[in-house]
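Enquirer: Sharing a structure here in structure tokens format.
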Amino acid sequence: MADEGQAEKTRPTTAGTERYLEAIFALGDEGRDVIAARLAEHLGVAAPTVTEALRRLVREGYVTLNPRREIEFTERGREIAERIVRRHRLSERLLTDLLGVPWYDVHEEASRLEHAISPSVEAKLAALLGEPDTCPHGNPIPGSGSPNLDSGHYLDVADEGDILMVERITEQAEQDSRLLEYFHRNGIVPGARVTVANIAPAAGAIELQVGEQTVSISLQAANWIFVQPAE
């Protein structure tokens, strides 16, 4: 039985398992409650599919469900999730910083690369990139020092007149390259200074002053932009 337990611990994870662990990590990293419904929305899959996947993840010792049905990592699950997220975000840096791929178009390519990077290549890649703290979207790279979410909030809860600095564009938005390209064209990028010009809940929209232009985005998209008060 001991040999079986050890084999289970050392057995390679599948790309499908890593996809779920990566998504669970991203939601928690963004300060969201990690529940099955939110995980299904993040992954774009049906609720029954997530329910079955969670049963498997629990059975294999990657996650647990607390009394509120929130998904929590085991030590083993978190270790694997942090490793794959680190490789994903380093891959995004490789694509943008060294290969010149636009930051709004790197997520899918990095999702393929992350599964093929060995520990030794990961270390060399981080060194080559100058040990970056964040990916091109502003999300922290595990193991590199992480900006925290304590002093900021998501743009959809901002008030009119707020002057803000875009800190990060979350993983949910990264999956929509057209939306990211729209952000890019209109200057809504990590480090940008924006002013909330108008909020129209009935229309589901928020208007931002970005430099000399006024940009309109949906409140849903605003929920994927994390901001800090501008200094």
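The values are calculated or read from the model by the stated rules, or taken from the named source; none is laboratory data. All figures in this text were calculated on a predicted structure; none of them were measured in a lab. Please note: Cβ atoms are built from the backbone with ideal geometry, for glycine as well, and neighbour counts cover all protein chains shown.
Enquirer: Determine if the stretch 209-219 includes at least one residue that is within 20 Å of the chain's Cα centre (by Cα), in a helix (DSSP H, G or I) and buried (at least 18 other Cβ atoms within 10 Å of the Cβ).
Expert: Checking the stretch 209-219: not a single residue is within 20 Å of the chain's Cα centre (by Cα), in a helix (DSSP H, G or I) and buried (at least 18 other Cβ atoms within 10 Å of the Cβ).
Enquirer: Name the single residue, out of those in the stretch 176-192 being closer than 17 Å to L219 by Cα and not aliphatic (A, V, I, L, M), that is farthest from the chain's Cα centre (by Cα).
Expert: N186
Enquirer: Can you tell me which residue in the stretch 81-114 is surrounded by the fewest Cβ atoms within 10 Å (Cβ to Cβ), limited to those that are more than 15 Å from E18 (Cβ to Cβ), in contact with a Ser or Thr (Cβ under 8 Å, 6 or more places away or on another chain) and free of Cβ contacts under 8 Å to residues at least 60 places away in the same chain?
Expert: Checking each candidate, the answer is E109.
Enquirer: Let me ask something additional. I want to confirm something. Restricting to the stretch 172-208 and keeping residues that are basic (K, R) and part of a helix (DSSP H, G or I), which single residue is nearest to E160 (Cα to Cα)?
Expert: This residue is R185.
Enquirer: Kindly provide the set of residues from the stretch 9-26 that are without any contact (Cβ under 8 Å) to a residue 40 or more places away in the chain, more than 15 Å from H88 (Cα to Cα) and of a type outside the set (S, T, N, Q), ordered by number.
Expert: Once the filter is applied, which keeps residues that are without any contact (Cβ under 8 Å) to a residue 40 or more places away in the chain, more than 15 Å from H88 (Cα to Cα) and of a type outside the set (S, T, N, Q), the stretch 9-26 yields R11, P12.
Enquirer: Residues being of a type outside the set (D, E), at pLDDT below 90 and part of a loop (DSSP other than H, G, I, E, B): count how many of those fall in the stretch 5-43.
Expert: Number of matching residues: 6.
Enquirer: Report yes if some residue within the stretch 45-64 is surrounded by 15 or more Cβ atoms within 10 Å (Cβ to Cβ), in contact with an Asp or Glu (Cβ under 9 Å, 6 or more places away or on another chain) and assigned to a helix (DSSP H, G or I); otherwise report no.
Expert: no
Enquirer: Does the stretch 124-138 contain at least one residue that is touching a Gly at 6+ places or on another chain (Cβ under 6 Å), modelled with pLDDT under 95, in the same structural domain as A200 (by TED's automatic domain parsing) and not basic (K, R)?
Expert: Scanning the stretch 124-138, I find no residue that is touching a Gly at 6+ places or on another chain (Cβ under 6 Å), modelled with pLDDT under 95, in the same structural domain as A200 (by TED's automatic domain parsing) and not basic (K, R), so the answer is no.
Enquirer: Further question: List every residue pair whose Cβ atoms sit under 6 Å apart, with the two residues 6 or more apart in sequence or on different chains, where the first one lies in the stretch 115-129 and is of a type in the set (D, E, K, R) and the second, anywhere, is assigned to a helix (DSSP H, G or I).
Expert: Close Cβ pairs (under 6 Å, with a partner that is assigned to a helix (DSSP H, G or I)) amount to E122/R87.
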